[in-house]
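Worksheet for the structure shown next.
The values are calculated or read from the model by the stated rules, or taken from the named source; none is laboratory data. Quantities reported herein were computed from a predicted structural model and do not represent experimental measurements. We place every Cβ from the backbone using ideal geometry, glycine too, and count neighbours over all the protein chains shown. Protein only, heavy atoms only, side chains kept; ligands, DNA and RNA dropped before computing areas. Shrake-Rupley method; radii C 1.70, N 1.55, O 1.52, S 1.80 Å.
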Amino acid sequence: MAFTLEDLPIRDDLRGQSPYGAPQKHVRVQLNVNENTHPVPQDVADDIVESVRRALETVNRYPDREFTELRESLAGYLGHDLAAEQIWAANGSNEVIQQLLQAFGGPGRSVLGFPPTYSMHSIIASGTGTQWIAAERDAEFRISPETAVAAVRAHRPDVVFLCGPNNPTGTPLDLATIEAVYDATDGIVMVDEAYAEFMPVGQPTALTLLPGRERLVVSRTMSKAFAFAGARVGYLAAHPAVIDALRLVRLPYHLSALTQAAAVAALRHAPEMLAMVDDIRGQRDRMVDGLRAMGYSPYETWSNFVLFGGVADPRAAFESLLEQDVIVRDLGIPNHLRVSAGTEEETTAFLDAMRRVATEQPPVRVTA
């Protein structure tokens, strides 16, 4: 009999679990993992390559443990009068979240979330020995202040995770909900703003709530709007005391010199890198309009993806799209699929493929 994971002396709370992972299939139109499918502009790529080349000249030495230049660059990019000492970064926002739970979660402590939400929140909770508590959302996948506060008071968590815009639904998160949650708990409140750059222009983010709220944390990433998913750079903004707590749990030199150099170079070109965001918003809205015209039920989205209901058989629809060289995400939500906004060509390919799906299995009426 083959030796398996279950034969190892693994922690009891990890038995039976599965690792995170969207399907990795090589198809022509990949719209399943919320990447920015637009390539990095050539002049920006050239500057990044040159910056990494210079960093390689001293790669025999350990990198700046405090990644000072990167934190200064991120603070400048975020604005809102943030200083470098209020910024923390790591290998993707997942590591940022992991460090947060290592510092403020752990055995005997709990984190409250509102599924459906980013699946790594509960996975990271499990990996750090933090109890994951799932609370209910309102209709259309929203969270009102009243609903959120009721959950906080019922469970008294040590950490609360909010996601705005929410993944995988794309729905907005009202600042009033964040304020109400913060006032209802003495614990850490983290707002995951991985898709903040895709929000409507001028829409205030949770960053505006940081002054005077020492336990509020706002997480961001360079993976989405900056088309930097392969570079693995996530970061957060918070009170300097929170940053000090993260220093207690981070591994030494957790950000390589090459990662730091690449990220700083990309941030030098922030306006050019973000120029593609308007196009992505346009393709996202085109998907919403096209799906609605077919009879599906797309939800309001402030992200770079669209969750839509009315899919009679999500697995069959997924396979039909795959046969047409298009991959989307089946999240296991009955009658729903999610699709990432891509280029104009990718959007056209997806909508054409979905019209064929709609012919094979007409949309059905569903409620969230």
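Assess whether residue 275 counts as being modelled with pLDDT under 95 and either assigned to a loop (DSSP other than H, G, I, E, B) or over 30 Å from residue 79 (Cβ atoms) (or both).
Numbers: modelled with pLDDT under 95: yes; either assigned to a loop (DSSP other than H, G, I, E, B) or over 30 Å from residue 79 (Cβ atoms) (or both): no.
For residue 275, the condition - modelled with pLDDT under 95 and either assigned to a loop (DSSP other than H, G, I, E, B) or over 30 Å from residue 79 (Cβ atoms) (or both) - is not met.
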Of everything in segment 269-286, what is crowded, with 16+ Cβ neighbours inside 10 Å and more than 19 Å from residue 194 (Cβ to Cβ)? Give them in sequence order. 269, 286
Would you mind finding the one in 93, 18, 110 that is within 28 Å of residue 339 (Cβ to Cβ), hydroxyl-bearing (Ser, Thr, Tyr) and in contact (Cβ under 8 Å) with a residue 40 or more places away in the chain? 93
Of (1) open to solvent by 10 Å² or more (accessible area, probe 1.4 Å); (2) in a helix (DSSP H, G or I); (3) closer than 29 Å to residue 226 by Cβ, residue 81 satisfies every one except (2)
Sole miss for residue 365 among (1) in a strand (DSSP E or B); (2) open to solvent by 50 Å² or more (accessible area, probe 1.4 Å) is condition (1)
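Answer with yes or no whether residue 244 is open to solvent by 10 Å² or more (accessible area, probe 1.4 Å), without any contact (Cβ under 8 Å) to a residue 40 or more places away in the chain, part of a helix (DSSP H, G or I) and within 21 Å of residue 112 (Cβ to Cβ).
Working: open to solvent by 10 Å² or more (accessible area, probe 1.4 Å): yes; without any contact (Cβ under 8 Å) to a residue 40 or more places away in the chain: yes; part of a helix (DSSP H, G or I): yes; within 21 Å of residue 112 (Cβ to Cβ): no.
Taking the combined requirement at face value, the residue does not satisfy it.
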The one condition in (1) at pLDDT 95 or above; (2) not in a loop (DSSP other than H, G, I, E, B) that residue 140 fails to fulfil: (1)
When you look at residue 209, is it within 20 Å of residue 117 (Cβ to Cβ), crowded, with 19+ Cβ neighbours inside 10 Å and either touching a residue at least 24 places away in the same chain (Cβ under 8 Å) or not acidic (Asp, Glu) (or both), yes or no? no
Failed item, numbered, when residue 157 is tested on (1) touching a Phe, Trp or Tyr at 6+ places or on another chain (Cβ under 7 Å); (2) in a loop (DSSP other than H, G, I, E, B); (3) surrounded by 23 or more Cβ atoms within 10 Å (Cβ to Cβ): (1)
Residue 6 meets each of (1) open to solvent by 70 Å² or more (accessible area, probe 1.4 Å); (2) without any contact (Cβ under 8 Å) to a residue 24 or more places away in the chain; (3) out of contact with any Lys or Arg (no Cβ under 8 Å at 6 or more places or on another chain); (4) part of a helix (DSSP H, G or I) with one exception, condition (3)
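Scan segment 40-58 and tell me whether some residue there is under 24 Å from residue 129 (Cα atoms), in contact (Cβ under 8 Å) with a residue 24 or more places away in the chain, assigned to a loop (DSSP other than H, G, I, E, B) and open to solvent by 60 Å² or more (accessible area, probe 1.4 Å).
Taking segment 40-58 as the starting set, the residues that turn out to be under 24 Å from residue 129 (Cα atoms) are none.
No, segment 40-58 contains no residue that is under 24 Å from residue 129 (Cα atoms), in contact (Cβ under 8 Å) with a residue 24 or more places away in the chain, assigned to a loop (DSSP other than H, G, I, E, B) and open to solvent by 60 Å² or more (accessible area, probe 1.4 Å).
For segment 209-241, which residues satisfy the criterion of being assigned to a helix (DSSP H, G or I) and not aliphatic (A, V, I, L, M)?
First pass over segment 209-241, keeping only residues assigned to a helix (DSSP H, G or I): 209, 229-231, 240-241.
Matches in segment 209-241: 230, 240.
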